[in-house]
Amino acid sequence: MLVDTHCHLDFPEFDADREQVIERALAAGVERILIPGVDLAACRRAVALAEQHPVVYAAVGLHPNFAAEATPAALVEIRSLAKHPKVVGIGEIGIDLYWRKLSRTEQEAVFRAQLELANDLGKPVIIHDRDAHEEVLAVLRDLRPVAGCVLHAFSGDHPLAEEAVSLGFFLGVDGPITYRKNDVLRAVFASVPLEQILVETDAPYLTPQSWRGQRNEPAYVREVVAQLAVIRNSSFETIAVATTQNAARLFRW
Ligand code: NI
């Protein structure tokens with residue numbers, strides 16, 4: 001019993017062997033794979049894959065690096081895709097001050113528009129925050145997600161984790177928790193409530209330590225779960241069951 005709540009299975013990195021990747025995920029015990037959108041084309045691909053594969057679900061939204069695509073027509077299309085029965089959330093949306101493809105102000109406007117859309121439709125949101133912890137949290141405090149929220153690939157410190165937990169948000173954990181240098185991240189995930197943790201791969205990126213340097217894939221979510229079990233003095237089974245239930249609670253699947 002496992003889920004991968006953040007995987008870019010629609011990306012070209014998987015074009016040559018997508019079916020085998022899904023087969024390996026199933027063999028590893030992964031019951032659900034959620035593909036978030038990044039740009040409009042990715043949203044369409046995610047929904048198409050969700051239609052083809054029972055195990056695949058989709059979220060739709062414009063990643064801050066693609067926020068320039070957020071024309072009124074694009075937002076209308078996202079709204080319409082979001083009504084598809086296998087679209088379980090809006091994302092990934094947020095602010096990225098590392099790449100800064102658009103100004104902070106422009107990114108925030110697109111982020112807010114999509115938060116409003118999610119609240120309108122009663123869908124949870126998947127948040128991308130890169131080097132923008134304070135900016136993202138300020139928006140989320142102001143425009144509370146009514147149907148739930150996950151901070152994808154959480155990379156903040158203890159105070160930020162505590163605030164996110166107190167706001168009822170889920171924290172997403174990926175391969176970096178297995179990297180040797182990431183003691184701070186391990187300490188954060190050792191102490192947040194298990195009921196608020198989601199496991200992700202962010203494949204093809206953020207490959208766990210054992211396969212580092214190779215393409216990531218959903219089956220490798222097992223290594224994230226195993227690491228959580230170690231740092232929390234728990235069993236693989238307990239973490240797997242809890243995080244699978246958490247995902248079901250947030251995404252209502
Ligand atoms: Ni992602």
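Available extension along the chain between A190 and D131 is 19.0 nm, counting 0.36 nm per residue and deducting the alpha carbon span. Here's how it looks for R252: its modeled amide H is under 5 Å from none belonging to a residue 5 or more places away or on a different chain.
Extending each Cα 7 Å along its Cβ direction at R79 and S234, get the distance between those two points in nm, one decimal. Label-label distance for R79 and S234, simple model: 3.9 nm.
Within the same chain, lysines fewer than 8 places from K123 are excluded, and of the rest, those with a Cα less than 24 Å from its Cα are K83, K86. Using θ = phi - 60° in the Karplus curve 6.51 cos²θ - 1.76 cosθ + 1.60, the 3J(HN,Hα) couplings for the range 21-37 round to 4, 5, 4, 5, 4, 4, 5, 7, x, 7, 9, 9, 10, 9, 9, x, x Hz; x is entered for Gly and Pro.
Mean sequence separation of contacting Cα pairs (under 8 Å, at least six apart), scaled by the length of the range 105-253, corresponds to a relative contact order of 19 percent. For the range 152-253, taking Cα atoms only, Rg and Dmax work out to 12.7, 36 Å respectively.
Take the range 2-251 with all the other protein chains still there, run a 1.4 Å probe, and you get 40 Å² of accessible area per residue. Taking θ as phi - 60° and the Karplus parameters 6.51, -1.76 and 1.60, the scalar couplings of the range 70-79 work out to 7, 6, x, 5, 5, 5, 5, 5, 4, 4 Hz in sequence order, x denoting glycine and proline. Our coupling estimate for the range 8-14, obtained by passing each phi through the Karplus curve with A = 6.51, B = -1.76, C = 1.60 and θ = phi - 60°, is 8, 5, 7, 5, x, 4, 9 Hz, Gly and Pro reported as x. Inverting the pair-averaged 1/r between distinct Cα atoms of the range 180-228 gives 11.6 Å as its Kirkwood hydrodynamic radius. Between the C-alpha center of the range 34-54 and that of the range 108-161 there is a gap of 21 Å. About its Cα centre, the dipole of the range 161-253 is roughly 200 debye, where the only charges are +1 on Lys and Arg Cβ and -1 on Asp and Glu Cβ. Across every pair of non-identical alpha carbons in the range 1-103, the mean reciprocal distance, once inverted, gives a Kirkwood radius of 14.1 Å.
In this structure the amide hydrogen of G89, modeled in the peptide plane, comes within under 5 Å of the amide hydrogens of V60, none closer than 5 places in sequence on its chain.
I'd like to know which of A229, V192, F251 lies farthest towards the positive end of the charge dipole of the range 150-253, counting +1 on Cβ of Lys and Arg and -1 on Cβ of Asp and Glu. The Cα lying farthest towards the positive end belongs to A229. Under a model in which nothing but the beta-carbon of Lys, Arg (+1) and Asp, Glu (-1) is charged, the chain shows a dipole of about 260 debye around its Cα centre. Scaling the Cα radius of gyration of the range 2-251 by the globular reference 2.2 N^0.38 Å produces a ratio of 0.93. Could you tell me which of rounded, prolate or oblate describes the range 80-168, using a ≥ b ≥ c as the square roots of the eigenvalues of the alpha-carbon gyration tensor, with rounded for a/c under 1.5 and, failing that, prolate when a/b is larger than b/c and oblate otherwise? Oblate is the answer for the range 80-168, as a/c is 1.5 or above yet b/c matches or exceeds a/b.
The values are calculated or read from the model by the stated rules, or taken from the named source; none is laboratory data. A quick note: this is a predicted structure, and the numbers were derived from the prediction, not measured. With ideal geometry, Cβ positions are generated from the backbone for all residues, glycine too; neighbour counts draw on all protein chains shown. The area values use the complete protein model at the heavy-atom level, side chains included, leaving out ligands, DNA and RNA. Shrake-Rupley method; radii C 1.70, N 1.55, O 1.52, S 1.80 Å.
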